[in-house]
Amino acid sequence: MTPAQASAPGAGGEPAAPGRYVMLAQIAAGGMASVHLARRLGEAGFARVVAVKVLHDHLVQDAEFVSAFLDEARLSARIRHPNVVDVYDVATVEGRLSIVMEHVEGAALSALLSEARRRGQPLPAG
């Protein structure tokens, strides 16, 4: 699902109960969390595509991981730079601790680097 489809009124994935965020698809995963494409729902049909970083379930009971996750949100929210995504919210989304961030459409840097390596070429600066 593209972000344009995700933000279209009536797009699939509506929650059974009202909520601010509707998870649409997982787009990445790491050791501490997974990242999902989601829609933020607002009043009067407002919708915005966002990225939601969700702490892995097995780490929720570990106070150190929860603290590190929340520290990441607080520190990231203080950064204002065109090359860093904005943090919009820390929320419980579908019952899970989450960081809601700006979604930037495009290929992952890791995929671009892998392709450049495969071709034996440096990654172009542009």
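Quick notes on this structure:
- Under a 5 Å amide H cut-off, with hydrogens placed 1.01 Å from N, residue 93 pairs with 98 among residues at least 5 apart or on other chains.
- Distant-in-sequence amide H partners of residue 62 (H built 1.01 Å from N, under 5 Å): none
- Between residue 85 and residue 104, the contour length at 0.36 nm per residue exceeds the alpha carbon distance by 6.1 nm.
- Placing a pseudo-label 7 Å from each Cα along the Cα-to-Cβ vector at residue 67 and residue 123 gives an inter-label distance of 3.3 nm.
- Once all protein chains are placed together, residue 76 keeps about 30 Å² accessible to a 1.4 angstrom probe.
- The calculated FRET efficiency for residue 57 paired with residue 78, based on their beta-carbon distance and R0 = 22 Å, is about 0.20.
- The H on the amide N of residue 88, modeled in the peptide plane, is under 5 Å from the matching H of 100, 101, 102, each at least 5 residues off or on a different chain.
The values are calculated or read from the model by the stated rules, or taken from the named source; none is laboratory data. Being a predicted model, the structure only gives us computed values, none of them experimental. Quick reminder, even Gly has a Cβ in these numbers, built from the backbone with ideal geometry, and neighbours come from all protein chains shown. The protein model used for the area step is the full one, side chains on, heavy atoms only, and it has no ligands, DNA or RNA in it. Shrake-Rupley method; radii C 1.70, N 1.55, O 1.52, S 1.80 Å.
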